[in-house]
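Okay, so here's the structure we're looking at.
The values are calculated or read from the model by the stated rules, or taken from the named source; none is laboratory data. Being a predicted model, the structure only gives us computed values, none of them experimental. Backbone-built Cβ (ideal geometry, glycine too); neighbour counts: all protein chains shown. Please note that ligands, DNA and RNA were not included when accessible areas were found on the heavy atoms of the full protein model with its side chains. Shrake-Rupley method; radii C 1.70, N 1.55, O 1.52, S 1.80 Å.
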Amino acid sequence: MGSRVTRRRFSAGMAGGAVAVAGRSAFGALGANERVRLGIIGVGNRGDQLIDAFKPHADAEVVAICDVYAPYREFAAKKVGGQPFLTGDFRELVGRKDLDAVIIATPDHWHALPFVHACAAGKHVYVEKPLSLVVSEGRAMIEAAKKHDRVVQVGIHRRSVPSCRKAVEAIRGGAIGKMTACRSFHISNEWPLGIGNPPDSAPPPGLDWDMWLGPAPKVPYNENRCFYKFRWFREYSGGQMTNFGTHWLDLIQWAIGQDAPRGVFAVGTRGNIPDNRGVPDTMEAVWDYPDGTIVSFSQYNANASPGAANKSYVEFRGTEGTMLLQGDGMVIVPEVVRGEPLPALDPTNRKGNQRQAAATRPAGGKPIKFRGSSSDTVHHARNFLDCIKTKGVCNCPIEAGHRSTAATLIANIAGDRKKYLAWDAENERFTNDEEANKALAYEYRAPWQLA
Ligand SMILES: NC(=O)c1ccc[n+]([C@@H]2O[C@H](COP(=O)([O-])OP(=O)(O)OC[C@H]3O[C@@H](n4cnc5c(N)ncnc54)[C@H](O)[C@@H]3O)[C@@H](O)[C@H]2O)c1
């Protein structure tokens, strides 16, 4: 039998005291010069990048590695050097007494379980985005971090990138006036091949496919479901909505100072690319926020206009200007704003009325450009290490990571339901669709249980 993840069950289970292994000095703060001993779970694409992001910091060392694919474990072991502890079972890693912190870079359906175990074992945690596969997991993760008083950094690394911090500071300081709308995009043309349509097959040697699936339904191995491409299957992830959308929704909610939307509408289609993906290749989502700001995310994966592939950017549209933020820099285009009210329109003078209307349009004042440093993750890793030592709050604490992830998760549910869903953020429930509420949690495959 699977386990339904709910707040009540999770709390009851933790009170029962399932896992209790203290780390080296994990329950106390580390000295400023002490090395933070790290274990990493999942060393594929992102895990490998995170090893690089922690490497420049002399006070961090990776001493334990877990992956269900033996060749990746061995590759990572060579990279970190020394004699790291190697395992395919995260429970063996989080239970080690010689670790202070754990990095989780597994596919999204494998974030919550190792996170909760790691907190209970007294480890601080750096966990990749999106925080969870479903909203109820994210809530359970917050409770675990609180209960065990752990330092958590969610891998939404733009929170530590200087140019993004500067952009948010500028917006919050009123640089573009009152925010009206924020539009965000992920654009790349994957047509006509996409991820293809490979047949099911035997898993590659060295891969524990059953463990890779974990709490997800048991299905035969298909190469598209596994390394990196799991993103295109809802059993393990949420498509570009949660992959890239989480980064942008986080930046937007942070900039406009709003924790959560009061509703979302979304629609998606996946017929444009003839591959076996289970998520839309084209999608539009619109959220409305309590302060009146309208936010959107457009995912176009079968069309790459305005030109270059992999265009990912955000437009912040304010009453006094527009900030365009992309990659490693931003541009502010000021509005030309009328200083006095519009004169009354003359019903007999159509041409004159058009001229008056035109006078209120932006004339594209001189752009203000900032260039930031590259959007790498080294700063985010540094911030995590510092917070472990000071017991401080990280740049992307778990509550923020959860709220940004939840915004995208509910958009996928709205896309499935093809309707506007009203969201009660405090209680984390939809108020106008009971059916939609069922998608906020899911049944784990036995023997996995979050509690
Ligand atoms: N912050 C960012 O910008 C960023 C960038 C890329 C990926 N990510 C996130 O990182 C996560 C991983 O993505 P990826 O691109 O590295 O995928 P990937 O498939 O390349 O790597 C995932 C690794 O986890 C391993 N794994 C699966 N189940 C496991 C388990 N139970 N225990 C141990 N290892 C397990 C796989 O074998 C694989 O090596 C995703 O959640 C993704 O959203 C974040």
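Here are the numbers for this structure:
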quantity: Highest-first arrangement of 434-444, 282-292, where packing means the average Cβ count within 10 Å; calculated: 282-292, 434-444
quantity: At R0 = 41 Å, FRET efficiency that the Cβ-Cβ distance of residue 336 and residue 267 yields, to 0.05; calculated: 0.70
quantity: The chain: calculated mean residue ellipticity at 222 nm from DSSP helix runs of at least 4, using -39500 (n - 2.57); calculated: -9000 deg cm²/dmol
quantity: All Cα pairs of the chain, percent lying beyond 39 Å; calculated: 23
quantity: Listed peptides 196-205, 39-48, 86-95, 212-221 by packing density, highest first (mean Cβ within 10 Å); calculated: 39-48, 86-95, 212-221, 196-205
quantity: Net charge, residue 192 excluded, C-beta distance under 12 Å - Lys, Arg +1, Asp, Glu -1; calculated: -3
quantity: Whole-number accessible area per residue in Å² for the chain, which is evaluated in the context of all protein chains at 1.4 Å; calculated: 42
quantity: The chain, accessible surface, carbon-and-sulfur percent (1.4 angstrom probe); calculated: 53
